[in-house]
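Following: one structure in C-alpha cells, then a few remarks.
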Amino acid sequence: MFTGLIREIATVKSFAGSTLSINSKYRAKIGDSIAINGACLTVIKVSDAGFSVELSPESQKHLAIENYKNEVHIEPAMMMGDRFEGHVVQGHVDAIGEIKEIKNNGNSFDVFIKIEKKFIPYIVPKGSITIDGVSLTVNDVFEDSFRLTIIPHTMRETLFKNYKKGSRVNIETDMFARYVAHIISHKKNHLSWDEVESITARY
C-alpha cells in the first residue's frame, strides 16, 4: 500500500530484459515493495548505490515503459504506524494516459490527460487519482479526458516538469470508485441508498 507522495526522484542505472536497476538514496531490502512511476515492483537485488526490481512482460505491456529511463519517481510501501498522507494507492496501474495540454496559469498549471473512455467512470470530480505515482486531485472529468491543477512546487519537484503534449503516463484510478463500480456492475437489481451507504462505510 502506498500514499502517492513521491519520496525520491531516483536515477535509472540500466534497464535490460526484465531487470530495472536504480541508483537511489533509499536503502531497500530484498523483497521490499517499491512503487516506481506508480507501479508496485519487488526488489530482487540491492547494492551500495541502490537496488534492482523485475518487470514481467505483463507489467511492461501495461506501463508507459518509455518513462523507465533517466529519472523515475519512487515511493517505498507504507509501514505500520506511518503517517498517512495523500490517498490510498495500491500501485496497480489501470491505464496509460496521454497528456493533451499543459496550461501555465501563472500560479498553477492545468494538465489535461486523455484516457480510454472505459476508465472514465472510475475518475471522480474532486476525487483522487495517481499519475506516475503522484497523488493528485481531479478537477474536471470529460468524455475521454480529465483536468488536474498542479501547483508550482509539485511541478518543480516531480517529473511533471519534463512532461509535454503527447507524453504518456501511468494512471491508477481511485480504488474505492473501482470497487463500488465493480459491485454495482455485478448487482442484478439497482442498489438502494442504504446499500450504497453500507458499501462506502466499509472503507
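The values are calculated or read from the model by the stated rules, or taken from the named source; none is laboratory data. Just so it is clear, the model here is predicted, and its values are computed rather than measured. Glycine gets a Cβ as well: all are built from the backbone with ideal geometry, and neighbour counts include every protein chain shown.
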Could you pull out the residue among Arg156, Arg147 that is surrounded by fewer than 19 Cβ atoms within 10 Å (Cβ to Cβ) and either in a helix (DSSP H, G or I) or without any contact (Cβ under 8 Å) to a residue 12 or more places away in the chain (or both)? Arg156
Index of the failed condition, Glu172 passing every other in (1) in contact with a Lys or Arg (Cβ under 9 Å, 6 or more places away or on another chain); (2) of a type in the set (Asp, Glu); (3) within 16 Å of Thr3 (Cβ to Cβ): (1)
Residue in region 44-70 that is farthest from Gly133 (Cα to Cα), counting only those that are touching a residue at least 24 places away in the same chain (Cβ under 8 Å), surrounded by fewer than 13 Cβ atoms within 10 Å (Cβ to Cβ) and not small (Gly, Ala, Ser): Pro57
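Residues are listed down the side, and each one gets a yes or a no for (1) at pLDDT below 75; (2) surrounded by 13 or more Cβ atoms within 10 Å (Cβ to Cβ); (3) not in a loop (DSSP other than H, G, I, E, B):
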| residue | (1), (2), (3) |
| --- | --- |
| Phe160 | no, yes, yes |
| Gly166 | no, no, no |
| Val169 | no, yes, yes |
| Lys188 | yes, no, no |
Suppose we filter region 135-144 for residues that are polar (S, T, N, Q) and either buried (at least 19 other Cβ atoms within 10 Å of the Cβ) or under 19 Å from Asn37 (Cα atoms) (or both); how many remain? 2
